[in-house]
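What follows is one structure encoded as C-alpha cells, with my remarks underneath.
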Amino acid sequence: MMTQQHNYNWGDVCKNEKQAIEAFKEFRIKKGVVCKKCGETKHYWLAGKNQFQCSSCRFRTTLRSGTILEGSKLPISYFFIAWSLLIKNNHRVTIEEFKKQTKHKYYEPLWEYLHKIKGHFKQEDSTKMEIDFIEITNTFFLYKPLNN
C-alpha cells in the first residue's frame, strides 16, 4: 500500500513514443546496463542506432534487451501506461482498461505484455515503484499533474 498519495492524473500518461523511448533509456541507465558479452557496466549511448555500446568490448545492447520488454514489438509508451495503471489501481489492472488506455486493436499481445509487466512489478515495493515512476515521468513530462 502506498504511504503517500500524490496529486497526479495517472490517466494522462503521455503516449508520445519518442518521449517514452528517452524516458525508458534513462530508466535503463538508472537501473544499470550490463554488457552481455563481457559484463562491463560502463556504456555510452549511440543515438543514431538507439543502442548502448559497451565501453570495453564495444558490444551493442538494444534498449529493450535484458529488460521485461525484450522481445516485445509493442510501443515503449505502453510500458509507462501499464506502470501508471498499476500504481493508480494498486496493482490491479484489467486487460480491458489497458486496451482502452492504449487504444490497441488486438487483445492477445496486450494480454501477454500486461501479464509480463504485472509479474515484474508484483515483486516491487509499491512506494518505490511510485517514486521511480514520478522521478522518470517528471524528468520527461510524461504525465500531467492535476490542476488544483
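None of the figures in this text is laboratory data; all of them are computed from the coordinates on show. This is a predicted model, so every value here is computed, not measured. Glycine gets a Cβ as well: all are built from the backbone with ideal geometry, and neighbour counts include every protein chain shown.
For this structure, a couple of remarks:
- When peptides 96-106, 51-61 are ranked by their average number of other Cβ atoms within 10 Å per residue, the highest-first order is 51-61, 96-106.
- Residues with amide H under 5 Å from that of H43, placed H, sequence gap 5 or more: S55
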